[in-house]
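Each value in this text was obtained by applying a stated rule to the coordinates, not by laboratory testing. As the structure is a prediction and not an experimental result, all values here were calculated from the model. Don't worry about glycine lacking a Cβ; one is built from the backbone with ideal geometry, like all the others, and counts go over all protein chains shown.
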Amino acid sequence: MMPRNSFLATWVLWTVGFLAFPLGGVAGGAVVGRVDSPLAALFGGAVTGLVVGTGQALVSRRRLDPLRWIPATTVGMGAGLFIGAAAVDYGTSPADLAIMGAFTGALLGAAQLAALPPAARHRWAWAVAMPVLWCLGWVITASAGIEVDEQFTIFGSAGAVTVSALSGLLLHWLLPYWPAVPVSRKKVR
């Protein structure tokens with residue numbers, strides 16, 4: 001069994017948080033249906049971002065402030081999908097999805113950068129990595145044979161696991177988890 005405070009346990013917990021991605025996609029799809037218009041992209045992205053941001057805040061082991069992370073992820077995903085989907089005219093070819101992912105990741109990364117705690121070192125790396133990771137998430141999903149022509153708000157589980165695993169490594173580098181050390185009490189005589 002892994003110790004509760006190990007890097008591995010913290011990384012695995014963050015990676016299991018990938019489940020928020022498909023849940024967010026289902027929620028976003030339930031609200032707007034297909035991402036085939038500006039309003040569908042904006043609101044579907046925001047709903048998806050709300051669920052993903054909540055999931056990430058919950059599995060972050062208190063490294064991310066939910067009051068900052070959830071709104072940043074909601075706004076970043078909504079704005080990112082709005083711009084990204086419009087940039088490719090709501091197309092779903094692998095190239096379109098990669099471009100849409102890069103735009104979504106760029107706006108999401110910038111919003112989340114503002115929500116990272118001040119203690120995060122090299123914070124800019126988060127904003128640089130998100131366009132690459134979101135592009136990768138869509139490329140993996142399209143390669144896995146998922147019917148991306150249904151115009152989902154976010155990539156599928158295979159992409160989500162990859163994005164979560166890699167972003168978990170990055171989060172640890174930027175903001176390592178340090179478990180609280182109990183204060184020992186000295187006996188006074």
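For ALA114 paired with VAL16, estimate the spin-label separation in nm (one decimal), with each label point 7 Å from Cα along the Cα-to-Cβ line.
3.3 nm
Gaussian network model of the chain, Cα springs within a sub-10 Å range: biggest mean-square fluctuation belongs to which of ALA165, ALA46, ALA95?
ALA95
For LEU58 and ALA86 in the same chain, what is the full-extension length gain: residue separation times 0.36 nm, less their Cα-Cα distance, in nm? Before the final figure, lay out the partial values.
Details: separation 28, 0.36 × 28 = 10.08 nm, distance 3.12 nm.
Additional length available on full extension: 7.0 nm.
With runs of 4+ DSSP H residues as the only contributors, calculate the mean residue ellipticity of the chain at 222 nm using -39,500 (n - 2.57) per run, divided by the residue total and rounded to the nearest 500.
Working: 7 runs with 127 residues, N = 189.
Result for the chain: -23000 deg cm²/dmol, rounded to the nearest 500.
Need one number: nm distance between label points at LEU67 and ASP36, each 7 Å from Cα along Cα→Cβ, rounded to one decimal.
If labels sit at LEU67 and ASP36, their model points lie 4.2 nm apart.
Mean separation of Cα pairs under 8 Å and 6+ residues apart, divided by the residue count of the chain: what relative contact order is that in percent?
Working: 347 pairs, mean separation 48.1, N = 189.
So the answer I get is 25 percent.
Between LEU166 and ALA95, how many nm apart are label points set 7 Å from Cα along the C-beta direction?
Rounded to a tenth, the inter-label distance reads 2.1 nm.
GNM on the chain, C-alpha springs below 10 Å: top fluctuator among ARG63, ARG34, ARG121?
ARG121
Fewest first, what order do ASP149, ASP36 take by the number of other Cβ atoms within 10 Å? Walk me through the numbers before you get to the answer.
On the way: ASP149 11, ASP36 15.
In increasing order of surrounding Cβ atoms, one gets ASP149, ASP36.
With Cα Rg over 2.2 N^0.38 Å defined as stated, name the option among (i) 1.60; (ii) 0.98; (iii) 1.09 computed from the structure displayed.
Computed from the coordinates, Cα Rg over 2.2 N^0.38 Å corresponds to (iii).
For the chain, modelled as a Gaussian network with Cα springs under 10 Å, which listed residue fluctuates most, VAL47, VAL16, VAL35?
Judging by the Gaussian network model, the answer is VAL16.
Around ALA111, under 13 Å between beta carbons, what's the net of Lys plus Arg minus Asp minus Glu among the other residues?
Computed value for this residue: +2.
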